[in-house]
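Each value in this text was obtained by applying a stated rule to the coordinates, not by laboratory testing. Treat the numbers as computed from the prediction; the structure is a model and nothing was measured. Please note: Cβ atoms are built from the backbone with ideal geometry, for glycine as well, and neighbour counts cover all protein chains shown.
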Amino acid sequence: MIRLGTRGSALALAQARWVAERLEDDVELVEISTQGAVGDKSRFVKGIEEALLAGAVDLAVHSAKDVPGELPDGLSIVGVPERADPYDALCGATSLDELRPGAVVGTASLRRRAQLLALRDDLAIRELRGNVDTRLKRLVDYDAIVLAQAGLDRLGRGDEGEPLEALVPAPGQGCLALEARGDDDATAAAAALLTDRAALTALTAERALVTALDASCNTPIGAHARECDEALRLSAFVGLPDGSHWIRDELDGDLAEPAALGAAVAQRLEAAGARELLEEAERAALDVR
């Protein structure tokens, strides 16, 4: 029996059930309360990691984009299933071009804010929090909102958004990360059976970029790796929350060395001034929030 730890939101439960159905062992879902974590997704992860370390659960299911670059001692990512759609989705409008000047767009993501304003500095970006259902219900208060397409798909609401591929996704967006204690070989082996090579390769490159840049939840950063012409292509974005300054880069690397590609793109971004931009973004993000 594997005790599978998850948050209690509709999306988290949908993800956990998806994983449970594919594990060969019997599975018990264990809901972990993450009260007080509003506005800081890393605290969602932390609550479940604490349950793992305490032995209350054996395996955790996370949205990979919420998992910090550095894991607590004693824990490891032991499985990365097939990736869902990694891109963002625009709800309430068919495209950014359709939106009128001054249109109000809802999102709580600094990455989305920075890229939306970099593309359309005439938009009014307003904070929008809550689970997917809550945010969709509040669409009446906005001209459009931006959500992850993967979240919509997993809740059976994928047709309520339009592709927004102009935005570089969050690192790990669309991926699930299965986390376990490092000394639990049986659980690790069970989770490893669900791992998709392409998803693991892409996530490794994206997380390597985040780690190399010392990115945090206050850093507007995008990273998206995918196989292209027998190479691994990594696109990246860093910028200020107001969209006034930003850097984008794209580089192909060896499919067998995704971490090296992430580090190489981080080095190129730093050479273009990303370190200074990220420091300013950290300060500006506190004002935005």
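The figures follow:
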{"item": "Highest-first arrangement of 205-218, 131-144, where packing means the average Cβ count within 10 Å", "result": "205-218, 131-144"}
{"item": "Chain lengthening between ALA166 and ASP229 when straightened (0.36 nm per residue, less Cα-Cα)", "result": "20.6 nm"}
{"item": "Estimated Rh, the chain: Kirkwood, alpha-carbon pairs, angstrom", "result": "19.4"}
{"item": "Length released on extending from LEU71 to THR195, taking residue separation times 0.36 nm less the Cα-Cα span", "result": "42.8 nm"}
{"item": "Computed magnitude of the charge dipole of the chain (debye, nearest 20; Cβ of K, R +1, Cβ of D, E -1)", "result": "860"}
{"item": "Debye log10 I(q)/I(0) for the range 120-276, one point scatterer per Cα, at q = 0.16 Å⁻¹", "result": "-1.06"}
{"item": "Karplus (6.51, -1.76, 1.60) ³J(HN,Hα), θ = phi - 60°, over the range 86-93, in Hz, Gly and Pro reported as x", "result": "x, 8, 7, 10, 9, 10, x, 8"}
